[in-house]
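Working notes, beginning with the structure itself.
The values are calculated or read from the model by the stated rules, or taken from the named source; none is laboratory data. No experiment lies behind these values; they were computed from the predicted model shown. Note that we place each Cβ from the backbone using ideal geometry, even for glycine, and neighbour counts take in every protein chain shown.
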Amino acid sequence: MNPDFWSDPKKAESTLKTLKSYKNWVSQYKDVETVVDDAELLLDFFREGAATEEEVDAKYAEALAVVDDTEFRSTLNQPEDEFNCLLEINAGAGGTEACDWAEMLYRMYQMWAERKGFKISELNRVDGDVAGIRSAELEISGDFAYGLLKGENGVHRLVRVSPYNAQGKRMTSFSSVFVHPMVDERIEVEVNPADLEWDTFRSSGAGGQHVNKTESAVRVRHLPSGLVVECQQERSQHQNRDKAMQMLKSRLYELELKKRLEARDKIESGKMKNEWGSQIRSYVLDDRRVKDHRTGHQTSQTDAVLDGDLDDFLKAFLMYHGEPVPEDD
């Protein structure tokens, strides 16, 4: 109601995002309250002979699902969990097979985001020599995008009969996935311009006549940390510089988060550490099995997982606080 509220648009937008977050939590609480009250009321009707046991069971199952979902979402309680995220995929050693696996992961996360109604923007992409991609970076925008995907950090292993092997041999490929919180105006990250080194280069990949015509793509190196960020999303070099700065600030913020996590884990030894760069999941296609090595959660629905059905894996990670599961393959 403050008449000067919109005089500072950035501050106003930050306030509205915070307000939206509070409203989401209040709305979830009210949903739980309503469905539990309805279940209790239906149980009273059943005792009076005005409802069937099947109706009570159905309402109880509905209430249980809502409570379980709220419990799951309560794990997303860190400030950065609400942010959009930057998802980076890099092919491991293995040539064409590894590049193809990296593109399969790219498609998997893209389809997961589309199911959620999230916005997806490709910020950077380097294609493989024959097929697939060597690396790619996606910005995924949506409520709790980073919180939901933060457990995907690590190495993903594919085992399959390779279509690129003439003898039809079973091959193993690796790709690494990194998920960074995309900071917005609610988080202040100060960067000294003197610590930055900028380069420009021509965009690569599909994109029509504009590609390779102008040096609109940018690369920025943060000298103190050694971080390097590239962006070729936009046709304007100015827009790419702005996006690259946001990406750099996001990674600097993430480095600070990692330091806090390591300090916390020294104190809370019972909590599960975030093992950056470790092998977290295997996708064994000929045995029809996808297994998370941290939580032990697995499924035989390999096609569904590769088509973006990841929610059970994401939930299992966020709800898990035990020791890593021993390897069995």
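Suppose the filter is surrounded by fewer than 17 Cβ atoms within 10 Å (Cβ to Cβ), of a type outside the set (Phe, Trp, Tyr) and farther than 25 Å from Gln239 by Cβ; does Val189 pass it? So Val189 fails the test. On inspection, Ala39 fails the criterion of being at pLDDT 90 or above and within 30 Å of Asp81 (Cα to Cα). Pairs linking a residue in region 70-95 that is in a loop (DSSP other than H, G, I, E, B) to a residue that is among the β-branched types (Val, Ile, Thr), with Cβ atoms under 7 Å and 6 or more positions apart or on different chains, are Phe83/Val183. Within region 216-242, the set of residues being in a loop (DSSP other than H, G, I, E, B) and of a type in the set (D, E, K, R) comprises Glu234, Arg235. Taking residues in region 5-32 that are closer than 30 Å to Ala61 by Cα and assigned by TED's automatic domain parsing to the domain that holds Ala65, and partners anywhere that are surrounded by 11 or more Cβ atoms within 10 Å (Cβ to Cβ) and basic (Lys, Arg), the pairs with Cβ atoms closer than 9 Å and at least 6 places apart or on different chains are Asn24/Arg73; Trp25/Arg73; Gln28/Arg73.
Do we find that Lys258 is outside any helix (DSSP H, G or I), at pLDDT below 90, under 18 Å from the mean Cα position of the chain (by Cα) and basic (Lys, Arg) in this structure? Against the criterion (outside any helix (DSSP H, G or I), at pLDDT below 90, under 18 Å from the mean Cα position of the chain (by Cα) and basic (Lys, Arg)), Lys258 does not qualify.
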